[in-house]
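What follows is a set of notes on a single structure, which appears directly below.
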Amino acid sequence: MTFREKTHWVALVVMIAAFGWYFFRLHTALPHGPGNIAASGSLLTVVTIGIIVAMSIIIGVIAARSPSEAHAAADERERAIHWRGTHYAYYPIVLGVWLCIWMIFAGYSMPTLLNTLLAVVVSAELVRIGAQLYLYRRDG
């Protein structure tokens, strides 16, 4: 398994854990109403810091175990995998934008729009990472 594939696995697991906790916590413990924006923002800050810390530590350990592989430039295959994964992530973004436009005209609240936008971005990122992992395994 290449260094980049390992980092994709770390990113997938950390994102699923962090945002799984965020959305579970959001719908079970946060107050509803106008104050929900501030509560969502503070919870999102905790998740963001957690992702940064977890990814930094885990990927730092992986890089320390194989420094030459961590510093190697991406080859043509890896660049193609990155491009194709990003291409697949475009579709959930487009669908999510249209959903959010519809939600604006339907009169949904700001906290609901905020969290829908966040879910769209997280979904697209998980599609990107998942597609790249699939392509690493399929083409490897």
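The values are calculated or read from the model by the stated rules, or taken from the named source; none is laboratory data. Quick caveat, the model's predicted, so the values are computed rather than measured. Note that we place each Cβ from the backbone using ideal geometry, even for glycine, and neighbour counts take in every protein chain shown. Heads up: the accessible areas ignore ligands, DNA and RNA and are worked out on the full protein's heavy atoms, side chains in. Shrake-Rupley method; radii C 1.70, N 1.55, O 1.52, S 1.80 Å.
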Fill in: Size of charge dipole - the chain - debye, nearest 20, with Cβ of Lys, Arg +1 and Asp, Glu -1, no other charges
140
Item to complete: Return the carbon/sulfur percentage of the accessible area of the chain, one whole number, probe 1.4 Å, all protein chains in place.
Response: 72
Fill in: Cut-off 11 Å between beta-carbons: net charge of the residues surrounding Phe19, Lys and Arg +1, Asp and Glu -1
0
Item to complete: Would you please give the residues with an amide H less than 5 Å from that of Tyr108, counting only those at least 5 places away or on a separate chain, with H modeled from the backbone geometry?
Response: none
Discussion item. Among Met103, Tyr134, Tyr88, which residue has its Cα furthest toward the positive end of the charge dipole of the chain, with +1 on Lys/Arg Cβ and -1 on Asp/Glu Cβ?
Written reply: Tyr134
Fill in: Exposure of Tyr90 as accessible area (Å², to 10), given a probe of 1.4 Å and all protein chains
130
Worksheet entry | Heavy-atom accessible area per residue - the chain, 1.4 Å, Å² | 61
